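Colleague: Following this message is one structure expressed as structure tokens.
The values are calculated or read from the model by the stated rules, or taken from the named source; none is laboratory data. Nothing here was measured: the structure is a model prediction, and the numbers come from that model. Neighbour counts run over all protein chains shown; Cβ positions are idealised from the backbone, glycine included.
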Amino acid sequence: MMAGPGLSIIVPTRNEAANIAELVRRIDRAVACDASLEHRATELIVVDDSTDGTPQAVAAAAAETLLAVRCVHRERPEGGLGGAVVVGLRAAVNDLCLVMDADLQHPPERIGDLYRRALPGGVDVVVASRYVGGGSAKGLASALRRGVSGVGTLLLKAMFPIRLAACTDPMTGFFLCDRRRIDLDGLKPQGFKILLEMLARQRLRVAELPFDFASRHAGQSKASFRQGLHFLRQMLQLRFGRMSGFALVGAAGAVVNVALVWLLTRGDVGVLPATLIAAEVTIVANFLLQDRLVFGDLRRHARGFWGRFLRSFSFNNVESSIRIALVLWFVDRGWMSATMATAVLLAFAFVLRYVFHALVVYAPKKR
Ligand SMILES: Nc1nc2c(ncn2[C@@H]2O[C@H](COP(=O)(O)OP(=O)(O)OP(=O)(O)O)[C@@H](O)[C@H]2O)c(=O)[nH]1
Ligand SMILES: [Mg+2]
């Protein structure tokens with residue numbers, strides 16, 4: 001008989017119709033076989049962004065179990081997988097919430113272990129880890145995916161050495177949390193890594209259990225290169241905030257700019273055309289990177305690509321023309337040396353450029 005608090009199981013889904021029946025069957029059996037869990041006190045919330053028959057599959061499976069099953073179907077899938085998890089956390093009737101994938105890569109038989117680990121209290125999140133003694137990531141579809149996941153985890157731990165100290169697998173999608181301890185309003189979920197978002201934004205007490213990551217039961221993976229870019233953006237923003245991310249991309253752009261001038265002038269290109277070509281290439285490359293990595297989350301509500309590009313491109317060209325003219329003028333007046341004038345004006349231009357991009361280029365479109 002279940003003595004502890006109830007448990008809400010949150011499953012984000014996108015086109016998982018082929019997995020739902022098996023998922024519900026295995027959760028049902030896992031709850032039945034575990035003395036600490038009880039059907040009556042366990043709910044299953046599917047937060048669905050599908051275009052296949054997943055909601056119908058959930059309805060059919062709900063008829064076959066004593067679990068309280070709900071499907072929240074979203075017409076506007078804001079925040080992707082992470083956004084779906086937050087919707088589930090808000091909708092849950094219990095404070096203890098377990099998050100897992102629908103494709104059975106996260107074995108339902110471990111739900112009871114995660115639940116029992118949370119019961120004595122003293123932890124805010126129980127993480128099912130692929131990288132702690134006894135766990136494994138063999139179910140990841142390819143050696144490449146395993147490599148990316150392993151290197152990504154290492155990088156993450158290096159970037160958040162304190163917040164992630166107690167977590168070996170911040171990219172896992174299988175965890176249990178106490179909703180009362182999570183600042184749901186402070187989360188900015190975008191894409192896949194919602195646990196990372198939680199752990200990086202606030203100080204949480206973490207416990208871990210190993211688990212074997214299985215291979216997908218049926219259906220198609222939604223992991224993609226695009227998700228990888230989402231992830232990169234999430235990491236930059238969590239670590240550096242938007243303005244520092246902007247500076248970081250800008251600094252990389254400056255290096256490219258110098259390298260291009262060197263390359264072109266080594267060839268037969270004159271100094272003036274080389275400088276101009278390098279400057280324009282840098283402006284365009286910077287825009288493309290900033291657009292994805294720094295302002296990616298604002299794009300949806302901003303004007304279209306060409307509208308953003310033209311504003312950014314015009315601003316940068318006008319800005320650099322004025323800046324160069326000002327340097328000449330300052331030097332001519334004897335106010336400062338050319339180096340000093342360039343440094344001062346570049347710093348000023350950086351702030352101005354950031355403000356212009358944040359408030360004008362990515363301004364929300366008027367309805
Ligand atoms: N609600 C919602 N769920 C999603 C979205 N994208 C993925 N999911 C679900 O999140 C879970 C994890 O996605 P997967 O495609 O399995 O990602 P993965 O486990 O990294 O990749 P594989 O190893 O190839 O399965 C699955 O249950 C998906 O259905 C989304 O945009 N919205
Ligand atoms: Mg999966």
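Colleague: Is there a residue in the range 111-119 that is within 12 Å of ligand 1 (Cβ to nearest atom) and of a type outside the set (S, T, N, Q)?
Modeller: Among the residues of the range 111-119, not one is within 12 Å of ligand 1 (Cβ to nearest atom) and of a type outside the set (S, T, N, Q), which makes the answer no.
Colleague: If you go through the range 74-95 one residue at a time, how many are among the small types (Gly, Ala, Ser), within 16 Å of ligand 2 (Cβ to nearest atom) and at pLDDT 95 or above?
Modeller: Just the residues of the range 74-95 that are among the small types (Gly, Ala, Ser), to begin with: 79-80, 82-84, 88, 91-92.
If we keep only those that are within 16 Å of ligand 2 (Cβ to nearest atom) too, we end up with 80, 82, 84.
Filter again for at pLDDT 95 or above, leaving 84.
Total meeting the criteria: 1.
Colleague: If you scan the range 106-130, which residues turn out to be buried (at least 21 other Cβ atoms within 10 Å of the Cβ) and part of a loop (DSSP other than H, G, I, E, B)?
Modeller: Once the filter is applied, which keeps residues that are buried (at least 21 other Cβ atoms within 10 Å of the Cβ) and part of a loop (DSSP other than H, G, I, E, B), the range 106-130 yields His106, Asp124, Arg130.
Colleague: Here are some conditions: (1) within 20 Å of the chain's Cα centre (by Cα); (2) under 15 Å from Pro108 (Cα atoms); (3) surrounded by fewer than 19 Cβ atoms within 10 Å (Cβ to Cβ). Arg74 meets all but one. Which one does it not meet?
Modeller: (2)
Colleague: Another question, if that's okay. Pull out all pairs, ordered by first then second residue, where Cβ-Cβ is under 8 Å, the residues are six or more apart or on different chains, the first lies in the range 85-113 and is on the phi > 0 side of the Ramachandran plot and assigned by TED's automatic domain parsing to the domain that holds Asp185, and the second is part of a helix (DSSP H, G or I) and more than 13 Å from ligand 1 (Cβ to nearest atom).
Modeller: Leu104/Arg26
Colleague: Filter the range 212-245 for residues that are away from ligand 2 (no atom under 16 Å from the Cβ), hydrophobic (A, V, I, L, M, F, W, C) and within 12 Å of Gly296 (Cα to Cα) and give the result.
Modeller: Leu229, Leu232, Leu236
Colleague: Do we have any residue at all in the range 21-42 that's closer than 21 Å to Leu195 by Cα, at pLDDT 95 or above and not in a loop (DSSP other than H, G, I, E, B)?
Modeller: Of all residues in the range 21-42, those closer than 21 Å to Leu195 by Cα come to none.
No: the range 21-42 contains no residue that is closer than 21 Å to Leu195 by Cα, at pLDDT 95 or above and not in a loop (DSSP other than H, G, I, E, B).
Colleague: Against the condition buried (at least 17 other Cβ atoms within 10 Å of the Cβ), among the charged types (D, E, K, R) and in contact with a helix residue (DSSP H, G or I) (Cβ under 9 Å, 6 or more places away or on another chain), how does Arg353 come out, does it pass?
Modeller: So Arg353 passes the test.
Colleague: Has the range 216-227 got at least one residue that is exposed (fewer than 15 other Cβ atoms within 10 Å of the Cβ), within 14 Å of the chain's Cα centre (by Cα), farther than 29 Å from Arg117 by Cβ and touching a residue at least 60 places away in the same chain (Cβ under 8 Å)?
Modeller: The answer is no; no qualifying residue exists.
Colleague: In addition: Taking only pairs six or more apart or across chains, which ones have beta-carbon atoms under 9 Å, a first residue in the range 121-133 that is touching a residue at least 12 places away in the same chain (Cβ under 8 Å) and within 15 Å of Arg203 (Cα to Cα), and a second residue that is acidic (Asp, Glu) and in a loop (DSSP other than H, G, I, E, B)?
Modeller: Matching pairs, first to second residue: Val127/Asp169.
Colleague: Return the pair list, or none, for Cβ contacts closer than 9 Å from residues in the range 248-264 that are touching a residue at least 12 places away in the same chain (Cβ under 8 Å) and under 24 Å from Gln237 (Cβ atoms) to residues that are of a type in the set (Ser, Thr, Tyr) and in a helix (DSSP H, G or I), at least 6 apart or on different chains.
Modeller: Matching pairs, first to second residue: Gly250/Tyr354; Gly253/Thr282; Ala254/Thr282; Val256/Thr282.
Colleague: Touching a residue at least 12 places away in the same chain (Cβ under 8 Å), away from ligand 2 (no atom under 16 Å from the Cβ), in the same structural domain as Ile194 (by TED's automatic domain parsing) and within 22 Å of Cys177 (Cβ to Cβ), is that true of Val11? I'd like the intermediate steps shown before the answer.
Modeller: On the way: touching a residue at least 12 places away in the same chain (Cβ under 8 Å): yes; away from ligand 2 (no atom under 16 Å from the Cβ): no; in the same structural domain as Ile194 (by TED's automatic domain parsing): yes; within 22 Å of Cys177 (Cβ to Cβ): yes.
It is false that Val11 is touching a residue at least 12 places away in the same chain (Cβ under 8 Å), away from ligand 2 (no atom under 16 Å from the Cβ), in the same structural domain as Ile194 (by TED's automatic domain parsing) and within 22 Å of Cys177 (Cβ to Cβ).
Colleague: Which one is farthest from Ala92 (Cα to Cα) among residues in the range 166-211 that are away from ligand 2 (no atom under 16 Å from the Cβ) and of a type in the set (S, T, N, Q)?
Modeller: Thr168
Colleague: Something else: Can you name the residue in the range 131-166 that is within 17 Å of the chain's Cα centre (by Cα) and in a loop (DSSP other than H, G, I, E, B) and, of all such residues, is nearest to ligand 1 (Cβ to nearest atom)?
Modeller: For the range 131-166, the residue satisfying everything is Leu164.
Colleague: Out of all the residues in the range 96-110, which are touching a Ser or Thr at 6+ places or on another chain (Cβ under 8 Å) and away from ligand 1 (no atom under 16 Å from the Cβ)?
Modeller: Leu96, the sole residue that qualifies.
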